[in-house]
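The values are calculated or read from the model by the stated rules, or taken from the named source; none is laboratory data. Because the structure is a prediction, the values reported are computed rather than measured. When we count neighbours, we look across all protein chains shown, and the Cβ atoms used for this are built from the backbone with ideal geometry, even at glycine. For accessibility, only protein heavy atoms count, side chains too; no ligands or nucleic acids. Shrake-Rupley method; radii C 1.70, N 1.55, O 1.52, S 1.80 Å.
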Amino acid sequence: MRHLHLRIVLFNPHPAAAGSPRTIGFLRFFFSSLICITITGCASIQPSYVTPAGPNNVLNQDSQYTLTAIEFGELGSYADPSAGELKKTIQLLKGTERPLLVVFIHGWLNNATSGNVGDFKGFLSRLAQSKQVVEHHYNVFGVYLAWPGKSLEVPYLEYLSFWNRKQAAERIASNGDCLDAITQLSQAARLHLPYAYVFLIGHSFGGLILERTVEHTLRTLQGQKNVRPPWDLALMLNPASDSILTRQLVSDLQSLYTYSPDPVPGDILHFGGHFTPNSGGDPIPESQPTVVELQSDNDTATHNVFPIGTTAGVLADGHWSWNQVAVPRTQKLVSEREFYLSTPGNDSYLVNHEIVPSSETFSGHSDALDYNLNHNPVNGLFFTTAPKDSQTIANAGKQSGTAVAAPVTKPQAWKIEFVSGHDKYMGIHVPFWIVRVPSDIIDNHGGIWSDNNMALMAAIFRMHRPILPNNTIAPAKSYVLPVSTDVKPQSH
(Lines give C-alpha, C1' and ligand atoms only; values in the text may rest on other atoms or scores of the structure.)
Protein backbone atom coordinates (compact mmCIF):
# COMPACT_ATOMS: atom_id res chain seq x y z
CA MET A 1 0.00 0.00 0.00
CA ARG A 2 1.36 3.40 -0.96
CA HIS A 3 1.52 5.85 1.94
CA LEU A 4 0.78 9.51 1.34
CA HIS A 5 1.62 12.10 3.98
CA LEU A 6 0.03 15.55 3.68
CA ARG A 7 0.41 18.51 5.99
CA ILE A 8 -2.20 21.23 5.27
CA VAL A 9 -2.32 24.67 6.83
CA LEU A 10 -5.23 26.93 5.85
CA PHE A 11 -5.04 30.59 6.82
CA ASN A 12 -7.99 32.88 6.20
CA PRO A 13 -7.61 36.48 7.38
CA HIS A 14 -11.28 37.13 6.67
CA PRO A 15 -13.44 34.52 8.47
CA ALA A 16 -16.62 36.07 7.16
CA ALA A 17 -15.58 35.16 3.68
CA ALA A 18 -15.44 31.48 4.55
CA GLY A 19 -18.98 30.90 3.36
CA SER A 20 -18.58 32.70 0.02
CA PRO A 21 -19.35 30.70 -3.17
CA ARG A 22 -15.73 31.01 -4.26
CA THR A 23 -14.43 29.58 -0.98
CA ILE A 24 -17.01 26.79 -0.95
CA GLY A 25 -16.08 25.91 -4.52
CA PHE A 26 -12.41 25.81 -3.62
CA LEU A 27 -13.05 23.57 -0.59
CA ARG A 28 -15.18 21.19 -2.67
CA PHE A 29 -12.41 20.98 -5.26
CA PHE A 30 -9.72 20.55 -2.58
CA PHE A 31 -11.43 17.77 -0.68
CA SER A 32 -12.54 15.99 -3.88
CA SER A 33 -8.92 16.03 -5.04
CA LEU A 34 -7.75 14.84 -1.63
CA ILE A 35 -10.18 11.89 -1.71
CA CYS A 36 -9.02 10.94 -5.22
CA ILE A 37 -5.36 11.15 -4.22
CA THR A 38 -5.99 9.11 -1.08
CA ILE A 39 -7.86 6.40 -2.98
CA THR A 40 -5.11 6.28 -5.62
CA GLY A 41 -2.39 6.35 -2.95
CA CYS A 42 -3.84 3.33 -1.19
CA ALA A 43 -4.06 1.24 -4.34
CA SER A 44 -1.97 -1.90 -4.45
CA ILE A 45 1.24 -1.50 -6.45
CA GLN A 46 1.48 -4.11 -9.16
CA PRO A 47 4.76 -5.30 -10.71
CA SER A 48 5.21 -4.25 -14.33
CA TYR A 49 6.23 -7.64 -15.70
CA VAL A 50 3.90 -10.07 -13.93
CA THR A 51 0.74 -11.31 -15.64
CA PRO A 52 -1.98 -13.72 -14.45
CA ALA A 53 -0.11 -16.38 -16.43
CA GLY A 54 3.13 -15.70 -14.55
CA PRO A 55 6.19 -13.46 -14.83
CA ASN A 56 6.93 -11.94 -18.24
CA ASN A 57 10.18 -10.32 -17.20
CA VAL A 58 12.48 -11.56 -19.99
CA LEU A 59 13.16 -8.32 -21.86
CA ASN A 60 15.59 -9.79 -24.38
CA GLN A 61 16.77 -13.28 -25.23
CA ASP A 62 18.67 -13.87 -28.45
CA SER A 63 22.09 -14.94 -29.67
CA GLN A 64 23.59 -11.66 -28.42
CA TYR A 65 22.47 -11.37 -24.80
CA THR A 66 19.74 -12.13 -22.30
CA LEU A 67 18.10 -9.45 -20.16
CA THR A 68 15.58 -9.92 -17.38
CA ALA A 69 14.05 -7.56 -14.83
CA ILE A 70 13.47 -8.12 -11.11
CA GLU A 71 11.33 -5.56 -9.29
CA PHE A 72 11.22 -4.39 -5.68
CA GLY A 73 8.58 -2.40 -3.84
CA GLU A 74 8.71 0.64 -1.56
CA LEU A 75 9.95 -1.35 1.44
CA GLY A 76 12.42 -3.49 -0.46
CA SER A 77 10.31 -6.63 -0.79
CA TYR A 78 9.95 -8.45 -4.10
CA ALA A 79 7.21 -6.70 -6.08
CA ASP A 80 6.12 -10.13 -7.27
CA PRO A 81 5.01 -11.78 -3.98
CA SER A 82 5.99 -15.22 -5.24
CA ALA A 83 9.46 -13.98 -6.30
CA GLY A 84 8.60 -15.43 -9.71
CA GLU A 85 10.77 -12.89 -11.54
CA LEU A 86 13.82 -14.04 -9.58
CA LYS A 87 13.00 -17.73 -10.05
CA LYS A 88 12.60 -17.34 -13.81
CA THR A 89 15.88 -15.42 -14.03
CA ILE A 90 17.75 -18.06 -12.03
CA GLN A 91 16.32 -20.82 -14.21
CA LEU A 92 17.65 -19.07 -17.33
CA LEU A 93 20.99 -18.28 -15.69
CA LYS A 94 21.56 -21.88 -14.60
CA GLY A 95 21.18 -22.90 -18.25
CA THR A 96 23.65 -20.30 -19.53
CA GLU A 97 27.19 -21.54 -20.13
CA ARG A 98 30.08 -19.17 -19.33
CA PRO A 99 27.81 -16.41 -18.01
CA LEU A 100 29.08 -12.85 -17.83
CA LEU A 101 26.44 -11.65 -15.37
CA VAL A 102 25.90 -7.87 -15.32
CA VAL A 103 23.43 -6.59 -12.71
CA PHE A 104 22.32 -2.95 -12.91
CA ILE A 105 20.40 -1.00 -10.24
CA HIS A 106 18.94 2.22 -11.60
CA GLY A 107 18.66 5.51 -9.77
CA TRP A 108 16.32 8.38 -9.02
CA LEU A 109 13.59 9.32 -11.54
CA ASN A 110 13.72 5.87 -13.13
CA ASN A 111 11.71 2.69 -12.64
CA ALA A 112 11.03 -0.74 -14.13
CA THR A 113 10.01 0.59 -17.56
CA SER A 114 12.01 3.82 -17.90
CA GLY A 115 14.60 4.75 -20.50
CA ASN A 116 17.39 3.21 -18.46
CA VAL A 117 16.21 -0.19 -19.70
CA GLY A 118 17.13 0.82 -23.25
CA ASP A 119 20.45 2.31 -22.11
CA PHE A 120 21.33 -0.94 -20.39
CA LYS A 121 20.32 -2.94 -23.47
CA GLY A 122 22.78 -0.95 -25.55
CA PHE A 123 25.61 -1.62 -23.10
CA LEU A 124 24.86 -5.36 -23.02
CA SER A 125 24.63 -5.54 -26.82
CA ARG A 126 27.97 -3.78 -27.31
CA LEU A 127 29.65 -5.88 -24.61
CA ALA A 128 28.39 -9.06 -26.26
CA GLN A 129 30.02 -8.06 -29.56
CA SER A 130 33.40 -7.21 -28.04
CA LYS A 131 36.36 -9.28 -29.21
CA GLN A 132 37.22 -10.55 -25.71
CA VAL A 133 33.69 -11.78 -25.01
CA VAL A 134 33.42 -13.48 -28.41
CA GLU A 135 36.87 -15.11 -28.28
CA HIS A 136 36.36 -16.47 -24.77
CA HIS A 137 32.81 -17.62 -25.55
CA TYR A 138 31.17 -15.70 -22.72
CA ASN A 139 27.42 -15.24 -22.75
CA VAL A 140 26.30 -11.81 -21.60
CA PHE A 141 23.40 -12.03 -19.15
CA GLY A 142 21.93 -8.79 -17.84
CA VAL A 143 19.60 -8.30 -14.89
CA TYR A 144 17.82 -4.97 -14.38
CA LEU A 145 17.00 -4.54 -10.67
CA ALA A 146 14.09 -2.11 -10.60
CA TRP A 147 12.53 -0.14 -7.77
CA PRO A 148 10.10 2.82 -7.64
CA GLY A 149 12.73 5.51 -8.15
CA LYS A 150 10.15 7.70 -9.87
CA SER A 151 7.11 8.38 -7.69
CA LEU A 152 5.79 11.53 -9.38
CA GLU A 153 4.99 11.93 -13.06
CA VAL A 154 4.40 15.70 -12.88
CA PRO A 155 7.12 17.66 -14.74
CA TYR A 156 9.41 19.67 -12.41
CA LEU A 157 7.41 18.60 -9.33
CA GLU A 158 9.10 15.22 -9.65
CA TYR A 159 12.29 16.82 -8.31
CA LEU A 160 10.51 17.39 -4.99
CA SER A 161 10.61 13.63 -4.46
CA PHE A 162 14.34 13.66 -3.62
CA TRP A 163 14.06 13.05 0.12
CA ASN A 164 11.20 10.59 -0.25
CA ARG A 165 13.06 8.52 -2.88
CA LYS A 166 16.29 8.64 -0.89
CA GLN A 167 14.45 7.11 2.05
CA ALA A 168 12.97 4.44 -0.24
CA ALA A 169 16.44 3.54 -1.52
CA GLU A 170 17.71 3.32 2.06
CA ARG A 171 14.87 0.96 2.98
CA ILE A 172 15.63 -1.27 0.01
CA ALA A 173 19.32 -1.31 0.95
CA SER A 174 18.63 -2.12 4.60
CA ASN A 175 16.01 -4.85 4.05
CA GLY A 176 16.83 -8.30 2.80
CA ASP A 177 15.30 -9.10 -0.59
CA CYS A 178 17.68 -7.05 -2.74
CA LEU A 179 20.73 -8.70 -1.18
CA ASP A 180 18.95 -12.06 -1.44
CA ALA A 181 18.45 -11.52 -5.18
CA ILE A 182 22.10 -10.55 -5.75
CA THR A 183 23.30 -13.51 -3.70
CA GLN A 184 21.11 -16.05 -5.50
CA LEU A 185 22.01 -14.63 -8.91
CA SER A 186 25.71 -14.84 -8.05
CA GLN A 187 25.33 -18.43 -6.82
CA ALA A 188 23.52 -19.41 -10.01
CA ALA A 189 26.23 -17.83 -12.19
CA ARG A 190 29.00 -19.49 -10.19
CA LEU A 191 27.57 -22.93 -10.86
CA HIS A 192 29.58 -22.48 -14.07
CA LEU A 193 32.93 -21.70 -12.44
CA PRO A 194 35.66 -21.12 -13.45
CA TYR A 195 33.88 -19.63 -16.47
CA ALA A 196 31.65 -17.11 -14.74
CA TYR A 197 31.91 -13.45 -13.76
CA VAL A 198 29.62 -11.26 -11.64
CA PHE A 199 29.66 -7.52 -12.37
CA LEU A 200 27.41 -5.24 -10.25
CA ILE A 201 26.62 -1.65 -11.30
CA GLY A 202 24.54 0.94 -9.43
CA HIS A 203 23.75 4.54 -10.37
CA SER A 204 22.59 7.47 -8.20
CA PHE A 205 20.23 6.12 -5.52
CA GLY A 206 20.85 2.73 -7.12
CA GLY A 207 24.50 3.39 -6.28
CA LEU A 208 23.39 3.99 -2.70
CA ILE A 209 21.61 0.62 -2.67
CA LEU A 210 24.64 -1.15 -4.13
CA GLU A 211 27.16 0.65 -1.94
CA ARG A 212 25.37 -0.31 1.27
CA THR A 213 24.77 -3.84 0.07
CA VAL A 214 28.46 -4.23 -0.72
CA GLU A 215 29.77 -2.63 2.46
CA HIS A 216 27.43 -4.51 4.79
CA THR A 217 28.27 -7.78 3.02
CA LEU A 218 32.00 -7.19 3.47
CA ARG A 219 31.43 -6.77 7.18
CA THR A 220 29.14 -9.80 7.44
CA LEU A 221 31.73 -12.05 5.78
CA GLN A 222 34.67 -10.55 7.67
CA GLY A 223 37.18 -13.14 8.85
CA GLN A 224 35.42 -16.08 7.21
CA LYS A 225 37.45 -18.64 5.32
CA ASN A 226 36.76 -20.11 1.88
CA VAL A 227 33.99 -17.67 1.01
CA ARG A 228 33.60 -15.01 -1.65
CA PRO A 229 31.33 -11.99 -1.70
CA PRO A 230 28.50 -12.33 -4.24
CA TRP A 231 30.31 -10.17 -6.82
CA ASP A 232 33.65 -10.02 -8.58
CA LEU A 233 33.56 -6.30 -9.43
CA ALA A 234 31.16 -3.77 -7.87
CA LEU A 235 30.95 -0.38 -9.56
CA MET A 236 29.00 2.60 -8.20
CA LEU A 237 28.39 5.47 -10.66
CA ASN A 238 27.70 8.90 -9.15
CA PRO A 239 26.24 7.25 -6.02
CA ALA A 240 23.78 9.51 -4.19
CA SER A 241 24.60 8.25 -0.70
CA ASP A 242 25.93 10.04 2.33
CA SER A 243 29.51 9.31 3.39
CA ILE A 244 28.83 7.97 6.88
CA LEU A 245 29.16 4.26 6.08
CA THR A 246 32.02 4.84 3.64
CA ARG A 247 34.02 6.81 6.21
CA GLN A 248 33.53 3.98 8.70
CA LEU A 249 34.62 1.34 6.19
CA VAL A 250 37.63 3.33 4.99
CA SER A 251 38.73 3.85 8.60
CA ASP A 252 38.42 0.13 9.26
CA LEU A 253 40.30 -0.77 6.07
CA GLN A 254 43.18 1.42 7.26
CA SER A 255 43.33 -0.49 10.52
CA LEU A 256 43.04 -3.92 8.89
CA TYR A 257 45.76 -3.55 6.25
CA THR A 258 49.28 -2.20 5.96
CA TYR A 259 50.05 -0.51 2.67
CA SER A 260 53.32 -0.97 0.82
CA PRO A 261 54.19 1.08 -2.30
CA ASP A 262 55.96 -1.94 -3.82
CA PRO A 263 53.89 -3.90 -6.35
CA VAL A 264 53.24 -7.57 -5.75
CA PRO A 265 55.73 -9.83 -7.57
CA GLY A 266 54.77 -10.38 -11.18
CA ASP A 267 52.27 -7.50 -11.34
CA ILE A 268 51.91 -6.92 -15.08
CA LEU A 269 49.92 -3.70 -14.65
CA HIS A 270 52.79 -1.78 -12.99
CA PHE A 271 50.29 0.20 -10.97
CA GLY A 272 50.44 1.01 -7.26
CA GLY A 273 51.57 -1.21 -4.41
CA HIS A 274 49.80 -3.79 -2.28
CA PHE A 275 47.91 -4.27 0.99
CA THR A 276 48.95 -6.84 3.57
CA PRO A 277 46.38 -7.95 6.18
CA ASN A 278 47.67 -7.10 9.66
CA SER A 279 46.23 -10.35 11.00
CA GLY A 280 48.04 -12.38 8.35
CA GLY A 281 47.09 -13.60 4.91
CA ASP A 282 47.73 -13.02 1.22
CA PRO A 283 48.47 -9.50 -0.05
CA ILE A 284 45.95 -7.61 -2.19
CA PRO A 285 47.30 -5.83 -5.30
CA GLU A 286 46.32 -2.18 -5.42
CA SER A 287 46.10 -2.51 -9.20
CA GLN A 288 43.11 -4.89 -9.16
CA PRO A 289 40.18 -3.16 -7.45
CA THR A 290 36.99 -5.05 -6.66
CA VAL A 291 34.96 -2.12 -5.24
CA VAL A 292 35.03 1.18 -7.19
CA GLU A 293 33.06 4.42 -7.06
CA LEU A 294 33.19 6.76 -10.06
CA GLN A 295 32.22 10.38 -9.45
CA SER A 296 31.83 12.93 -12.25
CA ASP A 297 33.60 16.25 -11.70
CA ASN A 298 30.53 18.25 -12.78
CA ASP A 299 27.75 16.22 -11.16
CA THR A 300 25.32 18.88 -9.92
CA ALA A 301 22.90 16.30 -8.46
CA THR A 302 25.36 14.89 -5.91
CA HIS A 303 27.46 18.03 -5.48
CA ASN A 304 24.62 20.57 -5.13
CA VAL A 305 21.18 18.94 -4.93
CA PHE A 306 22.22 16.18 -2.51
CA PRO A 307 23.48 18.53 0.27
CA ILE A 308 20.44 20.79 -0.15
CA GLY A 309 17.94 17.92 -0.10
CA THR A 310 19.70 16.20 2.78
CA THR A 311 19.86 19.43 4.79
CA ALA A 312 16.12 19.92 4.28
CA GLY A 313 15.54 16.39 5.54
CA VAL A 314 17.74 17.02 8.58
CA LEU A 315 15.77 20.15 9.46
CA ALA A 316 12.45 18.36 8.98
CA ASP A 317 13.60 15.49 11.20
CA GLY A 318 14.78 17.86 13.93
CA HIS A 319 18.36 16.58 13.91
CA TRP A 320 20.26 19.45 15.50
CA SER A 321 23.33 17.92 17.14
CA TRP A 322 26.19 15.88 15.70
CA ASN A 323 28.87 13.53 16.93
CA GLN A 324 32.56 14.21 16.49
CA VAL A 325 34.23 11.54 14.33
CA ALA A 326 37.79 10.86 13.26
CA VAL A 327 38.92 11.68 9.74
CA PRO A 328 40.62 8.67 8.12
CA ARG A 329 44.41 8.86 8.06
CA THR A 330 44.86 12.08 10.08
CA GLN A 331 42.43 11.13 12.90
CA LYS A 332 41.45 14.80 13.13
CA LEU A 333 38.03 15.17 14.78
CA VAL A 334 35.29 16.83 12.75
CA SER A 335 31.52 17.00 12.91
CA GLU A 336 29.84 13.94 11.42
CA ARG A 337 27.59 16.42 9.64
CA GLU A 338 30.39 16.92 7.09
CA PHE A 339 30.08 13.28 6.01
CA TYR A 340 26.29 13.15 6.17
CA LEU A 341 25.86 16.11 3.81
CA SER A 342 28.33 14.93 1.18
CA THR A 343 28.58 11.86 -1.04
CA PRO A 344 31.84 9.86 -0.98
CA GLY A 345 32.91 11.08 -4.42
CA ASN A 346 32.48 14.70 -3.32
CA ASP A 347 34.18 14.32 0.06
CA SER A 348 37.75 15.60 0.15
CA TYR A 349 38.57 13.23 3.02
CA LEU A 350 37.61 10.11 1.04
CA VAL A 351 38.50 10.60 -2.64
CA ASN A 352 41.68 8.64 -3.34
CA HIS A 353 42.00 8.40 -7.14
CA GLU A 354 41.45 10.70 -10.10
CA ILE A 355 41.55 10.41 -13.87
CA VAL A 356 43.85 12.86 -15.66
CA PRO A 357 44.70 13.40 -19.35
CA SER A 358 47.77 11.71 -20.78
CA SER A 359 49.87 12.53 -23.83
CA GLU A 360 49.94 8.95 -25.15
CA THR A 361 48.71 8.41 -28.73
CA PHE A 362 45.85 6.09 -29.61
CA SER A 363 46.95 3.50 -32.16
CA GLY A 364 43.92 1.23 -32.17
CA HIS A 365 41.65 0.26 -35.06
CA SER A 366 38.47 -0.17 -33.00
CA ASP A 367 36.50 1.95 -30.61
CA ALA A 368 37.89 2.46 -27.10
CA LEU A 369 35.62 -0.10 -25.44
CA ASP A 370 37.06 -2.91 -27.53
CA TYR A 371 40.59 -1.52 -27.32
CA ASN A 372 40.50 -1.24 -23.51
CA LEU A 373 39.18 -4.79 -23.19
CA ASN A 374 41.98 -6.08 -25.45
CA HIS A 375 44.85 -4.24 -23.73
CA ASN A 376 45.97 -4.15 -20.12
CA PRO A 377 45.82 -0.61 -18.69
CA VAL A 378 49.52 -0.63 -17.77
CA ASN A 379 50.36 2.24 -15.38
CA GLY A 380 46.63 3.04 -15.29
CA LEU A 381 46.57 4.10 -18.96
CA PHE A 382 43.35 3.76 -21.00
CA PHE A 383 41.64 5.49 -23.92
CA THR A 384 38.39 7.11 -24.98
CA THR A 385 37.65 7.75 -28.65
CA ALA A 386 34.24 9.45 -28.83
CA PRO A 387 33.14 13.08 -28.33
CA LYS A 388 31.96 14.08 -24.87
CA ASP A 389 28.23 13.86 -25.60
CA SER A 390 28.32 10.71 -27.73
CA GLN A 391 25.83 7.98 -26.72
CA THR A 392 25.86 5.81 -29.82
CA ILE A 393 25.76 2.56 -27.87
CA ALA A 394 22.97 3.58 -25.49
CA ASN A 395 20.83 5.08 -28.26
CA ALA A 396 20.93 1.82 -30.19
CA GLY A 397 19.60 0.03 -27.09
CA LYS A 398 16.79 2.54 -26.68
CA GLN A 399 15.70 1.72 -30.22
CA SER A 400 15.96 -2.02 -29.47
CA GLY A 401 18.69 -2.30 -32.08
CA THR A 402 22.09 -3.94 -32.15
CA ALA A 403 24.69 -1.57 -30.74
CA VAL A 404 27.38 -0.53 -33.19
CA ALA A 405 30.89 0.55 -32.23
CA ALA A 406 31.25 4.04 -30.82
CA PRO A 407 32.76 6.69 -33.10
CA VAL A 408 36.53 7.05 -33.24
CA THR A 409 36.64 10.80 -33.85
CA LYS A 410 38.24 12.23 -30.71
CA PRO A 411 40.84 9.84 -29.28
CA GLN A 412 42.14 10.78 -25.85
CA ALA A 413 44.51 9.00 -23.50
CA TRP A 414 43.85 9.05 -19.75
CA LYS A 415 45.53 7.76 -16.61
CA ILE A 416 44.02 6.62 -13.33
CA GLU A 417 46.24 8.02 -10.58
CA PHE A 418 46.35 8.09 -6.82
CA VAL A 419 45.78 11.64 -5.55
CA SER A 420 49.01 11.73 -3.54
CA GLY A 421 50.13 15.26 -2.75
CA HIS A 422 46.89 16.73 -4.07
CA ASP A 423 45.76 19.97 -2.47
CA LYS A 424 42.07 19.19 -2.89
CA TYR A 425 41.80 15.54 -1.80
CA MET A 426 43.47 13.81 1.13
CA GLY A 427 44.05 10.46 -0.55
CA ILE A 428 43.98 7.23 1.46
CA HIS A 429 45.56 3.98 0.31
CA VAL A 430 42.84 1.38 0.93
CA PRO A 431 41.43 -1.43 -1.27
CA PHE A 432 38.38 0.69 -2.12
CA TRP A 433 38.68 3.15 -5.00
CA ILE A 434 36.78 6.45 -4.94
CA VAL A 435 37.62 8.08 -8.25
CA ARG A 436 37.01 11.58 -9.62
CA VAL A 437 36.17 11.42 -13.35
CA PRO A 438 36.40 14.29 -15.90
CA SER A 439 33.18 15.47 -17.54
CA ASP A 440 34.55 14.38 -20.94
CA ILE A 441 33.93 10.83 -19.72
CA ILE A 442 30.89 11.19 -17.41
CA ASP A 443 29.07 14.43 -18.09
CA ASN A 444 27.00 15.47 -15.06
CA HIS A 445 24.83 13.07 -13.08
CA GLY A 446 23.16 11.14 -15.89
CA GLY A 447 26.12 10.86 -18.27
CA ILE A 448 26.92 7.30 -17.23
CA TRP A 449 25.73 5.91 -20.58
CA SER A 450 28.20 7.86 -22.68
CA ASP A 451 30.40 5.88 -25.05
CA ASN A 452 33.41 7.22 -23.15
CA ASN A 453 32.20 5.95 -19.77
CA MET A 454 31.55 2.54 -21.26
CA ALA A 455 35.19 2.61 -22.40
CA LEU A 456 36.24 3.50 -18.84
CA MET A 457 34.18 0.65 -17.39
CA ALA A 458 35.90 -1.69 -19.85
CA ALA A 459 39.30 -0.47 -18.61
CA ILE A 460 38.37 -1.07 -14.95
CA PHE A 461 37.09 -4.53 -15.85
CA ARG A 462 40.44 -5.25 -17.55
CA MET A 463 42.37 -3.97 -14.51
CA HIS A 464 40.45 -6.40 -12.36
CA ARG A 465 41.11 -9.27 -14.78
CA PRO A 466 44.32 -8.48 -16.68
CA ILE A 467 45.49 -10.48 -19.68
CA LEU A 468 48.41 -12.70 -18.69
CA PRO A 469 51.52 -13.24 -20.88
CA ASN A 470 50.19 -16.60 -22.13
CA ASN A 471 47.07 -14.78 -23.39
CA THR A 472 44.87 -16.21 -20.66
CA ILE A 473 42.78 -14.03 -18.38
CA ALA A 474 43.70 -13.65 -14.71
CA PRO A 475 41.07 -15.33 -12.52
CA ALA A 476 38.53 -13.06 -10.90
CA LYS A 477 39.53 -11.96 -7.42
CA SER A 478 37.46 -10.51 -4.61
CA TYR A 479 38.51 -10.15 -1.02
CA VAL A 480 36.95 -10.84 2.35
CA LEU A 481 37.89 -8.47 5.16
CA PRO A 482 40.47 -9.95 7.53
CA VAL A 483 39.78 -10.09 11.24
CA SER A 484 41.06 -7.29 13.43
CA THR A 485 44.30 -7.93 15.25
CA ASP A 486 42.36 -7.10 18.44
CA VAL A 487 40.26 -10.27 18.09
CA LYS A 488 42.73 -12.52 16.30
CA PRO A 489 43.30 -15.73 18.31
CA GLN A 490 46.67 -15.83 20.01
CA SER A 491 49.06 -18.59 18.94
CA HIS A 492 50.32 -20.88 21.70
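Some values worked out for this structure:
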| read-out | value |
| --- | --- |
| Residue match in segment 245-256 (condition: surrounded by 15 or more Cβ atoms within 10 Å (Cβ to Cβ) and in a loop (DSSP other than H, G, I, E, B)) | no |
| Strands (runs of 3 or more DSSP E) within segment 260-354 that include 3 or more residues surrounded by 18 or more Cβ atoms within 10 Å (Cβ to Cβ) and hydroxyl-bearing (Ser, Thr, Tyr) | none |
| Segment 250-278 residues that are without any contact (Cβ under 8 Å) to a residue 60 or more places away in the chain and over 20 Å from GLU417 (Cα atoms), paired with ones that are open to solvent by less than 60 Å² (accessible area, probe 1.4 Å) and among the small types (Gly, Ala, Ser) (beta carbon under 7 Å, 6 or more apart) | THR276/SER260 |
| Among residues of segment 334-363, those that are touching a residue at least 40 places away in the same chain (Cβ under 8 Å), among the charged types (D, E, K, R) and out of contact with any Ser or Thr (no Cβ under 9 Å at 6 or more places or on another chain), counted | 3 |
| Residue tally, condition of a type outside the set (A, V, I, L, M), buried (at least 23 other Cβ atoms within 10 Å of the Cβ) and within 15 Å of VAL198 (Cβ to Cβ), over segment 96-113 | 2 |
| Close pairs (6 angstrom Cβ cut-off, 6 or more residues apart or separate chains): farther than 17 Å from ASN352 by Cβ in segment 316-333, open to solvent by less than 100 Å² (accessible area, probe 1.4 Å) and not in a strand (DSSP E or B) anywhere | TRP322/GLU336; ASN323/GLU336; VAL325/GLU336 |
| Positions within segment 396-428 being out of contact with any Leu (no Cβ under 9 Å at 6 or more places or on another chain) and within 23 Å of VAL250 (Cβ to Cβ), in sequence order | GLU417, PHE418, VAL419, SER420, GLY421, HIS422, ASP423, LYS424, GLY427 |
| Residue count, segment 61-95 (criterion: surrounded by fewer than 18 Cβ atoms within 10 Å (Cβ to Cβ), under 22 Å from the mean Cα position of the chain (by Cα) and either under 22 Å from ARG126 (Cα atoms) or not small (Gly, Ala, Ser) (or both)) | 1 |
| Number of the condition not met by ILE172 [criteria: (1) out of contact with any Lys or Arg (no Cβ under 8 Å at 6 or more places or on another chain); (2) under 20 Å from THR311 (Cβ atoms)] | (2) |
| Residues that are open to solvent by 10 Å² or more (accessible area, probe 1.4 Å) and in a helix (DSSP H, G or I), drawn from segment 182-212 | THR183, GLN184, GLN187, ARG190, LEU191, HIS192, ARG212 |
| Count - residues of segment 411-424 that are assigned to a loop (DSSP other than H, G, I, E, B), in contact with a strand residue (DSSP E or B) (Cβ under 8 Å, 6 or more places away or on another chain) and either among the basic types (Lys, Arg) or open to solvent by less than 20 Å² (accessible area, probe 1.4 Å) (or both) | 1 |
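The rows are residues; the columns are (1) open to solvent by 40 Å² or more (accessible area, probe 1.4 Å); (2) under 15 Å from the mean Cα position of the chain (by Cα); (3) aliphatic (A, V, I, L, M); (4) at pLDDT 95 or above.
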residue: PHE120; (1), (2), (3), (4): no, yes, no, yes
residue: LEU124; (1), (2), (3), (4): no, no, yes, yes
residue: TRP147; (1), (2), (3), (4): no, yes, no, yes
residue: LYS150; (1), (2), (3), (4): yes, no, no, no
